[in-house]
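The values are calculated or read from the model by the stated rules, or taken from the named source; none is laboratory data. Quick caveat, the model's predicted, so the values are computed rather than measured. Cβ atoms come from the backbone with ideal geometry, glycine included; neighbour counts cover every protein chain shown.
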Amino acid sequence: MALYARCFEWVIKKINGRIKGKDDFKSVGILDIFGFENFEVNHFEQFNINYANEKLQEYFNKHIFSLEQLEYSREGLVWEDIDWIDNGECLDLIEK
């Protein structure tokens, strides 16, 4: 477990380093979804689960919001634009 904890801490330090010191402050909120496990401290495994959840959310948002609205526009349908939060910047912090 010590290896996972160190990897997790390293990833968090890298993320914090990337967002530190900018005028337009950015933050990453990590939600630990309630489930079966009840750990006092989460480790690298939980980080990976949360990351996978963010990727799934990105996929859902892109297909449900962006692509559907684009299709509505192409078909000339009357609809109200849905303003949604793109989590791409959050994923970029982890992936780049």
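Specify which of the listed residues (Phe60, Phe39, Phe65, Phe47) is out of contact with any Leu (no Cβ under 9 Å at 6 or more places or on another chain), on the phi < 0 side of the Ramachandran plot and exposed (fewer than 10 other Cβ atoms within 10 Å of the Cβ).
Numbers: Phe60 fails: exposed (fewer than 10 other Cβ atoms within 10 Å of the Cβ); Phe65 fails: exposed (fewer than 10 other Cβ atoms within 10 Å of the Cβ); Phe47 fails: exposed (fewer than 10 other Cβ atoms within 10 Å of the Cβ).
On inspection, the qualifying residue turns out to be Phe39.
Of all the residues that make up the range 54-90, how many are closer than 20 Å to Gly17 by Cα and either basic (Lys, Arg) or without any contact (Cβ under 8 Å) to a residue 40 or more places away in the chain (or both)?
Taking the range 54-90 first, the residues closer than 20 Å to Gly17 by Cα are 87-90.
Filter once more, so that each one left must be either basic (Lys, Arg) or without any contact (Cβ under 8 Å) to a residue 40 or more places away in the chain (or both): 87-88.
Number satisfying all stated conditions: 2.
Before we move on, is Tyr51 modelled with pLDDT of 85 or more, under 29 Å from Arg18 (Cβ atoms), part of a helix (DSSP H, G or I) and touching a helix residue (DSSP H, G or I) at 6+ places or on another chain (Cβ under 9 Å)?
yes
Just checking, how many residues over the range 31-48 are over 12 Å from Phe8 (Cβ atoms) and either at pLDDT 85 or above or among the charged types (D, E, K, R) (or both)?
Here the count works out to 3.
If you take the residues in the range 54-96 that are under 30 Å from Trp10 (Cα atoms) and not in a helix (DSSP H, G or I), which one is nearest to the chain's Cα centre (by Cα)?
Asn87
Residue by residue through the range 1-20, note down the ones that are outside any helix (DSSP H, G or I) and either closer than 20 Å to Asn87 by Cβ or at pLDDT 65 or above (or both).
Lys20
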